[in-house]
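Heads up, the thing below is written out as structure tokens.
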Amino acid sequence: MTVVKRRRGEYLDSLLIIGGLLAILLACGLGETPIHPLDLVGAITGSGDPATSVIVWSIRLPRALAAWLVGAALGLSGAALQGLLRNPLAEPGVLGVSVWASLGAVIAIYYGLTSQFAPAMQIGAVLGALLATGVIALAARSLGDTVSLILIGVGLSSLGGALVSLALNLAPNPFTLNDMVSWMMGSVANRSFADIGLSGPIIAIGAALILATRRGLSALSLGEETAHGLGLDLVRTRLLVTVGCGLAAGGSVALAGAIGFVGIITPHLVRPWVGGDPGRALVPSALAGGLLLVLADIGARLVPSDNELKLGVVAALIGAPVFLWIAASRRRTGLGA
Amino acid sequence: MSLLALHQAVVQRGKRVILDHLDLTLEAGELVALVGPNGSGKTTALRALLGLMPLASGTAMIGGADVRTLGPITRARQVAYLPQSRPMAWAISVQDAVALGRFAHGGASHRPNTEDQAAVDQAIFACDLETLKDRAVTGLSGGELARVHMARALAANAPALLADEPTAALDPLHQWQVMQVLAQQASVGGGVMVVVHDLALAAGVCSRIVLIKDGKVLANGSPQDVLTPDNIAAAYGVRAHWHQDSQGRHLIMGAALG
């Protein structure tokens, strides 16, 4: 017998917000030059040592915030897509948006645009994401069912992946190839507030569109036909979720490159605390995704190695076993989530 | 004015005609069984009544208004719908599943108001789900799940309720209980239309029966007038007869014709 506990989840959002803030503070304090908690307070308020202030404000804080933002965008998109598609395996990647964002960035690197104009790569990623989101949105409006939508996403994803491979294949020199591969592994190293300023608003608009579908996603627990009967505007919900996820995931790829598994595992981690409800899972999934990625990035920085570990690699190394564990325990408990 | 009405409704899928100038009405206080062989257009007729199925010609009216003029929320407040396919995607609680019935009232939000809560509690009581309230829907038996869906539909407190095979895959006792809940809904002034395959069950509980075949109404009226051996033979190709005993008249279904 499975009893659904919801009471436990009452303070979930608050706990995840506090956890996220603490993780960001921790990220600011830890590193090659550890900063004492008291000095950290001084550095953040600007009253302490100027050199420490620079480390915190120019390097560690934007990096931690970028990690949180990307994690939150991926967690939110994953939760929304799992709710819309009623499929525990859905994640932003299924729409093909992430791959097209990568393609945009890779094209910018390929043509050497990044050496002339630094944000070219991010702008390329955003344009790639918007293009794919536009196609998905058109499909969401005109196609009658959600399965066709997934198939379009898979097709887009394959096409984008082939074009990325083509760009790698034709890379003019080893440095370009190295840049492309390195970017695609996913990282928030050396991100600035300017980078966040470019992707942040796109992610925020996406998040707002997704959050507008909260009740609709709850209704979709009962299937599309029932949700339709309940008074849900299915086309509008599909449109909001796909465009919202396109923007949020596209913005996150623009900021950090491709980072897998956060979108797929975060909703599973929070679902037991929200009574399984996909609408209620949205906000905690975003908060948990942010927290997880800040912690993963601290891990990426602290593991001693010649080349700094890429965040995307660390996230996958942690995420894949967690995913396997969820998949295995799901069968044992018979939970539909 | 009828709660719901189809007038000369035509629905086509490609070249195939699913509903062929079908007339169908539902009044307050009646429990109507919509019966007919597989593929006769029963589900399509319900969906057309709800405005979920666009008509090639004819009209669908809800409370006297053309469904095409109604927004999804207005429509859902007038008619609750229990579709045939009832997947449960996540392990939500019985209480939360029933509360989704309040979606059109804004009460599927995560903080139900007192009116929503009262409707949910009443539906849970009517379907005998109080002991299961906190259980996950994914761990319920077929009979329990059918009651959850019924409660969800009742919680809407809509004037009309359309239920597509709510008794499918249930044992005789659970079938009878589901029909009793629907009959109760009709007795307090609701209009209920239900698709059932068990003609004897329909004959025993429903006030009116509409028999359709090939998207056309074959007969419409009281159970005894509609479920005649001739009509049943014409619609299903099986024999049937009525049997009189001390408990009343019962419909007995027989073997296939010839």
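Lys and Arg at +1, Asp and Glu at -1: add these up for the other residues within a Cβ distance under 15 Å of A:Leu211 and post the number. Present the calculation step by step, with values, prior to reporting the outcome.
On the way: positive: A:Arg214, A:Arg215, A:Arg236, A:Arg280; negative: A:Asp13, A:Asp277.
Spelling it out: positives minus negatives among the neighbours equals +2.
Mind ranking A:242-255, A:146-159 by how tightly packed they are, going by the mean number of other C-beta atoms within 10 angstrom, highest first?
Put in order of decreasing packing, that is A:242-255, A:146-159.
For segment A:148-227 and segment B:134-203, what is the separation of their C-alpha centers, rounded to whole Å?
Using only Cα atoms to place each centre, the spacing works out to 44 Å.
What length, rounded to one decimal in nm, is gained on full extension from A:Val147 through to A:Ser58, with 0.36 nm per residue of separation minus their alpha-carbon distance? Don't jump to the answer; show the numbers that get you there.
Working: separation 89, 0.36 × 89 = 32.04 nm, distance 4.51 nm.
Stretched out fully, the A:Val147 to A:Ser58 stretch lengthens by 27.5 nm.
For every helix of n ≥ 4 consecutive DSSP H residues, a contribution of -39,500 (n - 2.57) applies; sum these over chain B, divide by its total residues, and give [θ] at 222 nm rounded to the nearest 500 deg cm²/dmol.
Working: 9 runs with 84 residues, N = 258.
Result for chain B, helices only: -9500 deg cm²/dmol.
May I ask which residue of A:Gln82, A:Ile203, A:Tyr110 lies farthest towards the positive end of the charge dipole of segment A:7-333, with charges of +1 (Lys, Arg) and -1 (Asp, Glu) on Cβ and the Cα centre as origin?
A:Gln82
Under 8 Å for C-alpha pairs, at least 6 residues apart: give me the relative contact order for chain B, rounded to a whole percent.
Numbers: 533 pairs, mean separation 61.9, N = 258.
Averaging sequence separation for qualifying contacts and normalising by length gives 24 percent for chain B.
Residue farthest toward the positive end of the dipole of chain B, with Cβ of Lys/Arg at +1 and Asp/Glu at -1: which of B:Asn220, B:Leu24, B:Gln185?
B:Leu24
Quick check: the angle from helix B:172-187's long axis to the longest principal axis of chain B, C-alpha only, nearest 10 degrees?
So the inclination is approximately 80 degrees.
Only Cα pairs under 8 Å and at least 6 apart count here; give the relative contact order of segment B:167-258 as a rounded whole percent.
Numbers: 107 pairs, mean separation 16.0, N = 92.
It rounds to 17 percent for segment B:167-258.
Would you please give the residues with an amide H less than 5 Å from that of B:Tyr81, counting only those at least 5 places away or on a separate chain, with H modeled from the backbone geometry?
Long-range HN contacts for B:Tyr81: B:Leu162.
So how far, in whole Å, is the C-alpha centre of segment B:212-258 from the one of segment B:1-44?
Result: 19 Å between the Cα centres.
Across peptide B:126-137, how many C-beta atoms of other chains are within 10 Å of each residue C-beta, on average? Intermediate values should be presented prior to the final figure.
Details: counts 0, 0, 0, 0, 0, 0, 2, 2, 7, 4, 12, 6.
Per-residue shielding by partner chains comes out at 3.
Would you work out the relative contact order for chain A, in percent, from Cα pairs under 8 angstrom that are 6 or more residues apart?
Reported as a whole number, the value is 30 percent.
Kindly provide the helix-only [θ] at 222 nm of chain A, computed as the sum of -39,500 (n - 2.57) over DSSP H runs of four or more divided by all residues, to the nearest 500 deg cm²/dmol? It would help to have the intermediate numbers written out before the result.
Details: 16 runs with 244 residues, N = 337.
Helix-only estimate at 222 nm: -24000 deg cm²/dmol.
Under 5 Å between amide H atoms, partner at least 5 residues away or on a different chain: which partners does B:Ala219 have, H built in plane at 1.01 Å?
Distant-sequence amide H within range of B:Ala219: B:Leu211.
List the trypsin sites (Lys or Arg not before Pro) within segment B:1-102 that DSSP assigns to loop and that have no more than 15 neighbouring Cβ atoms inside 10 Å. Intermediate values should be presented prior to the final figure.
Details: sites: B:Arg13, B:Lys15, B:Arg16, B:Lys42, B:Arg47, B:Arg68, B:Arg75, B:Arg77, B:Arg102; in loops: B:Lys15.
Counting only loop positions with at most 15 other Cβ atoms within 10 Å, the trypsin sites (Lys or Arg not before Pro) in segment B:1-102 are B:Lys15.
Under the definition of partner shielding as Cβ atoms of other protein chains within 10 Å of a residue Cβ, what is the mean value for peptide A:212-225?
Numbers: counts 0, 0, 3, 7, 2, 0, 10, 5, 3, 10, 15, 6, 3, 11.
If you average over the peptide's residues, the count of other-chain Cβ atoms is 5.
Taking chymotrypsin sites (Phe, Trp or Tyr not before Pro) that fall in a DSSP loop and have at most 15 other Cβ atoms within 10 Å as cut points, what is the longest piece of chain A between them?
Values: sites that count: A:Tyr111, A:Phe117.
No qualifying site falls inside A:118-337, the longest such stretch.
What size of dipole, in debye to the nearest 20, comes out for segment A:251-337 about its Cα centre when the only charges are +1 on Lys and Arg C-beta atoms and -1 on Asp and Glu C-beta atoms?
Charge dipole, segment A:251-337, about its Cα centre: 400 debye, nearest 20.
How large is the charge dipole for segment A:77-229, taken about the Cα centre, if only the Cβ atoms of Lys, Arg (+1) and Asp, Glu (-1) carry charge, to the nearest 20 debye?
Details: 5 positive and 6 negative charges, 42 e Å.
My answer is approximately 200 debye.
If I model a spin label as a point 7 Å beyond the Cα along the Cα-Cβ vector, how far apart are those points for A:Leu22 and A:Asp49 in nm?
Distance between label points: 2.6 nm.
If R₀ is 51 angstrom, what is the calculated FRET efficiency for the pair A:Ser165 and B:Thr114, using the beta carbon separation as r and rounding to 0.05? List each step's numbers first, then the result.
Values: r = 59 Å, r/R0 = 1.16.
That pair, A:Ser165 with B:Thr114, gives E of 0.30.
Using alpha carbons only, how many degrees (0 to 90, rounded to 10) separate the axis of helix B:114-126 from the longest principal axis of chain B?
Taking the Cα atoms of chain B, the angle to B:114-126 is about 50 degrees.
Quick check: from the Cα gyration tensor, does segment B:4-256 come out rounded (a/c under 1.5), prolate or oblate? Kindly include the intermediate steps, with their values, before the conclusion.
Numbers: a/c = 1.92, a/b = 1.28, b/c = 1.49.
Taking the square roots of the gyration eigenvalues as a ≥ b ≥ c, segment B:4-256 is oblate.
Looking at segment A:218-281, which trypsin sites (Lys or Arg not before Pro) are DSSP coil and have at most 12 other C-beta atoms within 10 Å of their C-beta?
Numbers: sites: A:Arg236, A:Arg238, A:Arg280; in loops: none.
Of the trypsin sites (Lys or Arg not before Pro), not one in the loops of segment A:218-281 has a Cβ with at most 12 other Cβ atoms within 10 Å.
A:Asp39 to A:Val322: extension gain in nm, 0.36 nm per residue of separation minus the Cα-Cα distance?
Working: separation 283, 0.36 × 283 = 101.88 nm, distance 3.58 nm.
Once the chain is fully extended between A:Asp39 and A:Val322, it gains 98.3 nm.
Counting only GluC sites (Glu not before Pro) that are in a DSSP loop and have at most 15 other C-beta atoms within 10 Å, tell me the longest site-free stretch of chain A.
Numbers: sites that count: A:Glu32, A:Glu308.
After excluding every exposed loop site, the longest remaining stretch is A:33-307.
Please sort B:91-100, B:29-38 by packing, taking for each peptide the average over its residues of neighbouring beta carbons within 10 angstrom, highest first.
On the way: B:91-100: 26.0, B:29-38: 20.4.
Sorting B:91-100, B:29-38 by mean packing, highest first, produces B:91-100, B:29-38.
Give me the distance between the Cα centres of segment A:20-77 and segment A:92-125, rounded to whole Å.
Segment A:20-77 and segment A:92-125 have Cα centres separated by 27 Å.
Rounded to whole Hz and in sequence order, give me ³J(HN,Hα) for segment B:148-153 from the Karplus expression 6.51 cos²θ - 1.76 cosθ + 1.60, θ = phi - 60°, writing x for Gly and Pro.
Values per residue, Gly and Pro as x: 4, 5, 4, 4, 4, 5 Hz.
How much length is gained if the chain between A:Leu302 and A:Leu138 is pulled fully straight, taking 0.36 nm per residue apart and subtracting their Cα-Cα distance, in nm to one decimal?
Working: separation 164, 0.36 × 164 = 59.04 nm, distance 4.43 nm.
Fully extending the segment from A:Leu302 to A:Leu138 adds 54.6 nm.
Charges only on Cβ, +1 for Lys and Arg, -1 for Asp and Glu: so what's the dipole of segment B:4-256 about the Cα centre, in debye to the nearest 20? Provide the component values of the computation, followed by the final result.
On the way: 20 positive and 21 negative charges, 151 e Å.
Once rounded to the nearest 20, the dipole reads 720 debye.
For segment A:209-217, what does the Karplus curve 6.51 cos²θ - 1.76 cosθ + 1.60, with θ = phi - 60°, yield as ³J(HN,Hα) per residue in whole Hz, taken in order and with x for Gly and Pro?
For segment A:209-217, the Karplus curve yields 4, 5, 5, 5, 9, 3, 5, x, 5 Hz.
Cα gyration tensor of chain A, axes a ≥ b ≥ c as square roots of the eigenvalues: rounded (a/c below 1.5), prolate (a/b > b/c) or oblate?
Judged from the Cα gyration tensor, chain A comes out oblate (a/c at least 1.5, b/c at or above a/b).
Each reported figure results from applying straightforward, stated rules to the coordinates on display, with no laboratory input. What you see is a predicted model; the values in this text were computed from it and never measured. Virtual Cβ from ideal backbone geometry, glycine too; neighbours counted across all protein chains shown.
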